[in-house]
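The values are calculated or read from the model by the stated rules, or taken from the named source; none is laboratory data. Owing to the predicted nature of the structure, the values given are computational and were not obtained by experimental measurement. All Cβ positions, even for glycine, are placed from backbone atoms using ideal geometry, and neighbour counts span all protein chains on display.
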Amino acid sequence: MRNICLWFCFFASSVAADCSEKLTNGYRLDNFNTETIFDIGVYSCIKECLLRKPHCQSINYNTQHFQCGINSIGADDIESEGVLDSNSIFVNVLNSSRENLGTCKAALCPNLHKCVAAEKTSFCISTACKAGTYGKEDQCLPCPAGQYNDGSKQLCSYCFPGSYNDETGSRSCKLCSPGTYMNYFLYGENSSASCKPCPAGHYQSASGTFGMNLNAI
């Protein structure tokens with residue numbers, strides 16, 4: 001089982017890194033959850049646990065639904081005390097200094113991230129997610145259907161009128177085929193059903209047409 005050091009682990013005078021917390025993938029601790037926080041990243045989940053000390057001793061983080069589970073106890077050996085769950089990350093949250101959570105060094109940020117300084121703190125952000133994905137809470141996530149990212153930025157864009165995307169994680173959108181068109185102002189369409197057949201007496205030989213720019217027969 002792979003334990004991964006968090007970016008807020010600290011270095012002690014050129015010695016190896018001393019990790020305050022470790023993430024254990026594939027396990028969760030059952031029957032000790034006291035609170036669930038929704039739409040949050042794993043690092044923010046750990047911060048929330050620290051704010052709830054001593055009532056929070058560990059967390060279960062659901063990577064599929066971005067849910068933070070606050071546990072009233074920790075686990076000495078999660079691999080024997082816990083339950084197998086491929087979508088879960090378990091973390092024993094130790095008594096780290098809260099100041100360490102708000103700071104980072106470029107060398108401590110994960111791959112595809114960089115350290116950014118704010119007014120009173122600094123933090124790791126995603127900066128190099130590949131095309132078809134976007135950065136959120138130190139993760140690279142696939143663009144939703146109806147959106148795309150060609151790799152030129154770290155955000156997904158909505159498909160323009162005349163195009164759609166029925167898949168996630170796409171680099172580009174699909175154009176409405178010849179003989180069809182899309183209404184104006186339809187951004188972010190996720191189905192080819194948004195491309196309507198040309199009305200009787202009209203035709204369209206180009207792809208990606210929107211509005212009523214149709215040719216009369």
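One residue is enough: does segment 159-178 have a residue meeting the conditions closer than 30 Å to Gly41 by Cβ, in contact with a Ser or Thr (Cβ under 9 Å, 6 or more places away or on another chain), surrounded by fewer than 14 Cβ atoms within 10 Å (Cβ to Cβ) and modelled with pLDDT of 80 or more?
yes
Which residues, counting only those in segment 144-158, are surrounded by 15 or more Cβ atoms within 10 Å (Cβ to Cβ) and outside any strand (DSSP E or B)?
Pro144, Ala145, Gly146, Asn149, Gln154, Cys156 - these are the residues of segment 144-158 that are surrounded by 15 or more Cβ atoms within 10 Å (Cβ to Cβ) and outside any strand (DSSP E or B).
Across segment 29-62, what is the total count of residues that are more than 20 Å from the chain's Cα centre (by Cα) and modelled with pLDDT of 90 or more?
10
Return the residue satisfying two criteria in turn: it lies in segment 31-80 and is out of contact with any strand residue (DSSP E or B) (no Cβ under 9 Å at 6 or more places or on another chain) and in a helix (DSSP H, G or I), and of such residues it is nearest to Pro142 (Cα to Cα).
Top of the filtered list is Lys47.
So which of Glu137, Glu189 is buried (at least 19 other Cβ atoms within 10 Å of the Cβ) and either among the charged types (D, E, K, R) or at pLDDT below 90 (or both)?
Answer to the check: Glu189.
Which residues, taken from segment 14-28, are at pLDDT below 90 and among the small types (Gly, Ala, Ser)?
Selection gives Ser14, Ala16, Ala17, Ser20.
Answer with yes or no whether Asn62 is crowded, with 18+ Cβ neighbours inside 10 Å and free of Cβ contacts under 8 Å to residues at least 40 places away in the same chain.
yes
Restricting the first residue to segment 28-39 and requiring it to be exposed (fewer than 14 other Cβ atoms within 10 Å of the Cβ), which pairs with a second residue that is of a type in the set (A, V, I, L, M) and not in a loop (DSSP other than H, G, I, E, B) meet a Cβ separation below 7 Å and a spacing of at least six or different chains?
Cβ pairs passing all conditions: Asp30/Val83; Thr34/Ile70.
List the pairs whose first member sits in segment 184-195 and is under 14 Å from Ser157 (Cβ atoms), whose second member is among the charged types (D, E, K, R) and at pLDDT 90 or above, and whose Cβ atoms are under 6 Å apart, counting only residues at least 6 apart or on separate chains?
Asn190/Asp166
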